[in-house]
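Notes for the one structure printed next.
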Amino acid sequence: MRGRGRGRAVAVTAALVALSGCTAQAVDQGAGRSPGPVEATRTAPAPPPAGGTDDRPAAPAHEPRSPERPERTRRTQPPSPPRVLWSRGDEGRDVRELQARLRQVAWLFDGPTGTYDATTEEAVKGFQGRRGLPRTGRLDTVTWRRLLGMTREPGRWELYLMGGQPADAPDARCLTGRVLCVSKESRTLRWMVDGRTLLTVPVRFGSQYTPTREGVFQVYWKSRDHVSTLYDTPMPYAMFFSGGQAVHYSADFAARGYAGASHGCVNVRDEAAIADLFAQVETGDKVVVHW
């Protein structure tokens, strides 16, 4: 009886071990069975739902821009300043035209001289300031357009009102020998030797009541510090060629330009030039006065 009881106990123990699953055997994971303790620790991730997609939110590839972040404003380049055409120190025919147009609108009263000097710079500043433009004193494209719209094309007389005109071609009678070649048309005097021009200066002449004579003459007398006995006026560096008419320096011409006139003489306004000319010209040299 004792042996039969022991055998029955062994059988009961084996049955309990089999029911607990604590064996090395593979566990059947058929439908309707729950996994054992070991299986629970090795459970695979849940499969995607029917439909084949994972509806969990994906991690963003980069940080999204906050809707509260303001948009950057686009920077605009400031407008470039207008191009400068002429400024102080420039010379030439274009500057002469600028000065003539400034005279037309009463911003300049001297010249034209053809040189962009301090007086011209101040006149440009005044014109700019009156029209709300930057007072630079430099003639830029904007200022020039405004001035063109208010003025007319200056004629030859206006362009050379103060400083004399470009010398025209010399008269044929001036091409030989030593000659003071005086042109009434261009209001210039050339000092020429054997057809070569050594010096050119602007000159003015007598009025319609005291005209300068035309023709071919000779220097017959030179007087360095001459004073007119008829008009009691100084005539420095006088070189007489026809009666009381002479080529000489005129302080009035230097001050007033072509607003005045001589009493028949050929006036020179450049004192340094006439002094140099006086030293070179000799008695007997030819004088040609022509149109």
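Annotations for the structure displayed:
- Each residue of the stretch 113-119 is assigned a 3J(HN,Hα), and the resulting list reads 10, x, 10, 7, 9, 5, 5 Hz, derived from the Karplus form 6.51 cos²θ - 1.76 cosθ + 1.60 (θ = phi - 60°), x at Gly and Pro.
- Among 239, 192, 150, the order by Cβ neighbours within 10 angstrom, fewest to most, reads 150, 192, 239.
- Excluding same-chain neighbours fewer than eight residues apart, the lysines reachable from residue 286 by a Cα-Cα span under 22 Å are 184, 222.
- FRET efficiency estimate (nearest 0.05) - Cβ-Cβ, residue 150 to residue 91, R0 25 angstrom: 0.55
- Rounded if a/c under 1.5, otherwise prolate or oblate - the stretch 124-240, Cα gyration tensor axes: prolate
- Whether the stretch 235-286 is rounded, prolate or oblate, judged on the alpha carbon gyration tensor where a/c under 1.5 counts as rounded: oblate
- Sites residue 255 and residue 77 - FRET efficiency at Förster radius 41 Å, r taken between beta-carbons, to 0.05: 0.20
- Distance from the Cα centroid of the stretch 226-257 to that of the stretch 204-219 is 13 Å (rounded to whole angstrom).
- Assigned charges on the beta-carbon of Lys, Arg, Asp, Glu; the stretch 84-159 dipole about Cα centre (debye): 360 debye
- When 207, 242, 262 are arranged by Cβ crowding within 10 Å, least crowded first, meaning fewest neighbours, the order is 207, 242, 262.
None of the figures in this text is laboratory data; all of them are computed from the coordinates on show. No experiment lies behind these values; they were computed from the predicted model shown. Neighbour counts are summed over all protein chains in view; Cβ atoms, including those assigned to glycine, are modelled from backbone coordinates with ideal geometry.
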